[in-house]
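Presented below is the structure to which this report refers.
The values are calculated or read from the model by the stated rules, or taken from the named source; none is laboratory data. Everything numeric here is computed off the predicted structure, so don't read it as measured data. For the accessible areas, the whole protein counts, side chains as well, though only heavy atoms, and no ligand, DNA or RNA atoms are used. Shrake-Rupley method; radii C 1.70, N 1.55, O 1.52, S 1.80 Å.
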Amino acid sequence: MRTLLLGLLLLCSTANAGKYLQPAYITNTYFCNTTVDVGGFAQPDSVFNILSANEPGALGTFVMNLLLDKGRHRIEVDILDVSGKKVDSLNFDVVEATENDWTYTVTGRFGGSFAPGGIFFKAFDRHNRKKRVHIGTFRLLTE
């Protein structure tokens, strides 16, 4: 009876996420020039979705809001060109979430001369030093 009850409790605790169960969830992602502090969290000053292509001085800030499961997290973002080649990355400091649904925001600067067609931001989480898990991909148009 105890085993059945424990099994039901474990099943109920993961049922909310259903088939989407992962260690971190992205709630918002923005591309902006700079950030401002809003209640202790970095948020975009103004948002854009197109970056000038073939412009060596093109710069932007990547802002991603997350909900984390309890435990140790390392968020990593690979930046890929339109052909899928990795051209840069954003690697953030390790953070310890003290409870489930812990809110966390990462910000990182990126820039350079990108070909027309877009760049892709592929986000990963390493939870409790395990293999990195893909948690989302975002595209920024370049033209």
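Descriptive notes on the structure:
- Under 5 Å, built H, 5+ apart or other chain: amide partners of V133: D125, R126, H127
- Here the range 80-143 is treated as an ellipsoid with the same Cα gyration tensor; its semi-axes, largest first and in whole Å, are 27, 12, 10.
- Portion, in percent, of the accessible area of the chain that falls on carbon or sulfur, probe 1.4 Å: 54 percent
- 3J(HN,Hα) along the range 88-99, derived from phi through the Karplus expression 6.51 cos²θ - 1.76 cosθ + 1.60 where θ = phi - 60°, amounts to 5, 8, 10, 10, 9, 4, 5, 10, 10, 7, 7, 7 Hz, with x in place of Gly and Pro.
- In order through the range 115-124: 3J(HN,Hα) via Karplus (6.51 cos²θ - 1.76 cosθ + 1.60), integer Hz, x for Gly, Pro: 5, x, x, x, 10, 10, 10, 9, 9, 9
- Here's how it looks for K70: its modeled amide H is under 5 Å from those of N100, D101, which are all 5 or more places away or on a different chain.
- Think of it as helices only: each DSSP H run of n ≥ 4 in the chain is worth -39500 (n - 2.57), and spread over all residues that comes to -3000 deg cm²/dmol at 222 nm.
- Convex hull volume per residue, computed on the Cα atoms of the range 38-96, equals 138 Å³.
- For the range 133-143, the Karplus equation 6.51 cos²θ - 1.76 cosθ + 1.60, evaluated at θ = phi - 60°, returns couplings of 10, 6, 10, x, 10, 10, 10, 10, 5, 10, 8 Hz by residue, with Gly and Pro reported as x.
- Here the range 31-102 and the range 108-140 have alpha carbon centers that stand 8 Å from each other.
- For the range 60-143, the relative contact order is 35 percent, taking Cα pairs closer than 8 Å that sit 6 or more residues apart in sequence and dividing their mean separation by the residue count.
- Debye log10 I(q)/I(0) at q = 0.12 Å⁻¹ for the chain, Cα point scatterers: -0.55
- Based on protein heavy atoms only, the chain ends up with 60 Å² per residue of surface accessible to a 1.4 Å probe.
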